[in-house]
Amino acid sequence: MAWKSFSLLLFTTWSLFSALGANAQTNPTDTPVPPLQWLNLSGLLQGSSSPPPLKNAAIGYDESSRSLIIFGGESASGLVQSQTFLLNLETLTWSVPSPPNNLQKIPAARSAAIYGTDLAASYRQGFIVAGGKGPDGNSLTDVWEFDFNNKFWSEVNVPPGPLPRWAAAGGIDLTTPPIQDPSLPSPNNTFYLVGGYDGNHSSSFSDVWTLDISGTLSSNLPNDTDGSWDHLTIQNLPSKSNVSGTVVGHQVVLTGGCSSPSEKDTCAEEQDSYVIDTQRLMVTSLSVCPAPRTGPVLVRNSNGFTSTFTSQVYLLLGTLNETRWNDDGGLGNGEVAVVDIQTGTWSRILPSGDPGSSGQVTFPSPRKGSAAFSYPQALVGSSRNISSDTLVFGGQDSSGNLLSEMWLLRAYNGLVSPSQNSWSGFGDGHLQTGIDANGAGVSVKYMSQCASEIIQTPSTTSHSTASASSSKVPSSTKPAGPSSSGPSSSGPSSSGFNTSVVHKALSPVSLAILQAAFLLFRFSFPLDYRGVYRVQAIYNLAVLLILAYGSGIAGLAIAFISISSQDPSHEGSLHLRTGHGISGMIFFALLYVALPGLLLLYVYSIQARVHESAHDPESEKEKPPRTLSPELLQNDDWPSSRSAPQSIRLAPSSPSSPRHRTNSWGPSSVMYHSRESRVSSDSDSIRSPSPKRGFEVVNRPLRIRRTSLLGVPTADGAQERLREMNWLQRRRSLNTVVRRSNGTLHLLC
């Protein structure tokens, strides 16, 4: 069958091409996003009660009191904290809470806890903190809630649930309304907890729990808040800690993290991402595009400008192993990686930065362990309906320094994409700074490539080892890292081999055109095709071959010309330094050099044999006419001369003749249809199952049998033997002329 040959060719080409590009990652998508801008609020904050530099703190927000809360975290000395700090977002002033005298209890010091805002009408207006890492390194399991109205902490009454842990993912989605359970007197909010680590096991947890909070929280009823844990049974859960996560509706989104953590909260970067659906009890893996980061922030896109934003999640900040991964400078330029949890695809976005008072655009420096939350309105400024805001606090930079900076990622109410990068709020094009920035001059840039892993060679391995050894010095002697208010890097922050996108496009284009040329030759170029159609077929085939080989050779040349590397250890020639480059060169040599040479050699050998047969001296000698002896005329297989005076009628046969042979589609006919082209001899010209023959042709020169497109015999020869034809075909295709002379029949062919 024709489709089998086509499928075999397509599968073979695809498999070989896929094997060569197996390490290549897909490009980011062009998902529309809001116009994004980073704004630095650190210099605008006031008050003497500001928090110290912290990492892994808890953060929340209450709209009615316009209060931002920071609790716990780990300080520069390595000690976990138990202090609570409040920031009034109207005045941008820090303060510490002053609870009633009879409500002075506070939670134990902790970091890396699960947290979120608990809003349930007039029953509760609080902030939940669950679990975490205690002051002596032990893991915690208690649950506490802070009352924004009366500024006090209260421990939630909750029965035993999950094992103690820290560095878990979870929280709550503020846009999900509370549930009014008929069995409970007050609305119920659900928090989620996934994974984590307890410091006692060699691996992380791989479980999912829900925490339902109900009851009343007030100064009159400080101990009337209840909670209940529920374990969800979900198969194939990833075992993770130090994972970045957020909640979108009833789904928990995870990225990065560690499968085997250590006491120092360090681990090898993992690039995988998941979505856990707590209603359908299933896990879905997302595609891979951003570089794996340590301690990034994951928040949902809270902008409600269009419904397409509701399934988007932002991946922010974190730190990057620049000796292993090349992200084309994205992280150093404030990259926002956007994943759509419905399609599972990523987009890499470079937002606008903060011009500050000097006009020099800046971005937050890479940092891990920051605390962040997102809100559907602007959190600061006089115009709160123009955007949604994400606040990010603290963290630890790449040099090990803890930070107390406050950055804001503002998503303006609009929509931009690569084809529509301008929007209604662009204004005069001059970027603004401060809390009242309204989006003027804000644009985004879509990155065209996913992050790639740097292929380690012996030179780069030794270089990385030396760098790692030299960096192991006391933290007090380390030089200060780059300031977040300094200029951003304009080039890639890491190094690796790279080539032009034209080279990456020409390779598949060349293969596609070459396959089209093969199919044209296979289906439209029989050996005995004549006339204008053959000329047109030859012309089309030549054009396709020129395009295929031209684009392939151009792609190879561009690869050699455009290859580059930012790694100083890549000294000398950069050509053929990777497995991809070597295998690509071998593939090019086989497909574009060896295969055409073999085909030309094959065609030449066929033509030589045909030429030799056509000019055989023995066949050019004049031979007497081939005759039928009188004895053969008496054969019963031949009709009398009265019934066929001008032609010879073949022995009658029933209309139900044997079935015609069809062309083969086996391996021998991959290049063209089977024609059984061979030199026939006098002995096998006419075959009969019995020793008795109707007539015999003698002294006939050798000839090549040919076939028409329909498989019927032509004037040059016959593929089908006479005895295999039915009576109608014999009458139509018999092309011999017989004349009688002196009682002898002469057969002229």
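The values are calculated or read from the model by the stated rules, or taken from the named source; none is laboratory data. The structure presented is a predicted model; accordingly, all values stated were derived computationally and were not measured. All Cβ positions, glycine included, derive from the backbone under ideal geometry; neighbour counts span all protein chains shown. Note: areas computed on protein heavy atoms with side chains; ligands, DNA, RNA excluded. Shrake-Rupley method; radii C 1.70, N 1.55, O 1.52, S 1.80 Å.
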Amide H neighbours of Q83 under 5 Å, counting only residues 5+ apart in sequence or on other chains, H built in-plane at 1.01 Å?
-> G72
Just read off the accessible area of I386 with the full protein assembly in place, 1.4 Å probe, to the nearest 10 Å².
-> 50
Once K445, K151 are ranked on solvent-accessible area with the largest value leading and a 1.4 Å probe, the list reads K445, K151
Listed highest first by mean packing, meaning other Cβ atoms within 10 Å per residue, what order do 551-557, 192-198, 423-429 come in?
-> 192-198, 551-557, 423-429
In whole angstrom, how far apart do the alpha carbon centroids of region 87-110 and region 539-553 sit?
-> 74
Take the alpha carbon atoms of region 344-381, find their center, do the same for region 66-84, and report the distance between the two centers in whole angstrom.
-> 22
Would you pull out the residues with amide H under 5 Å of G441's amide H, same chain only if 5 or more places away, H placed 1.01 Å from N?
-> G427, D428, G429, H430
Per residue of region 285-296, in order, report the coupling 6.51 cos²θ - 1.76 cosθ + 1.60 (Karplus, θ = phi - 60°) as ³J(HN,Hα) in whole Hz, putting x for Gly and Pro.
-> 7, 9, 5, 10, 8, x, 5, x, 10, 9, x, x
Probe 1.4 Å, all chains present, heavy atoms only: D230 accessible area in Å², nearest 10, is 80
Average the reciprocal distances over every distinct pair of alpha-carbons in region 302-388, invert the result, and give the Kirkwood radius in Å.
-> 15.0
Flagged links, alpha-carbon separation over 26 Å, of K240/K368; K151/K240; K55/K240; K133/K368 = K151/K240
Looking at the square roots a ≥ b ≥ c of the eigenvalues of the Cα gyration tensor of region 356-404, which shape do they give, rounded for a/c under 1.5, prolate if a/b is larger than b/c, or oblate?
-> oblate
Using only the Cα atoms of region 122-248, build the gyration tensor, take square roots of its eigenvalues as a ≥ b ≥ c, and label the shape rounded, prolate or oblate: rounded if a/c is under 1.5, else prolate if a/b is larger than b/c, else oblate.
-> prolate
When a/c is below 1.5 the answer is rounded, else prolate if a/b is larger than b/c, else oblate, so apply that to region 393-461 with a ≥ b ≥ c taken from the square roots of the Cα gyration tensor eigenvalues.
-> oblate
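Per residue, how much space in cubic angstrom lies within the convex hull of the C-alpha atoms of region 47-184?
132
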Run the 1.4 Å probe and let me know the accessible area of T284, rounded to the nearest 10 Å².
-> 60
One can check that the equivalent ellipsoid of region 98-158, built from the alpha-carbon gyration tensor with semi-axes equal to the square roots of five times its eigenvalues, has lengths in Å, largest first, of 21, 14, 9
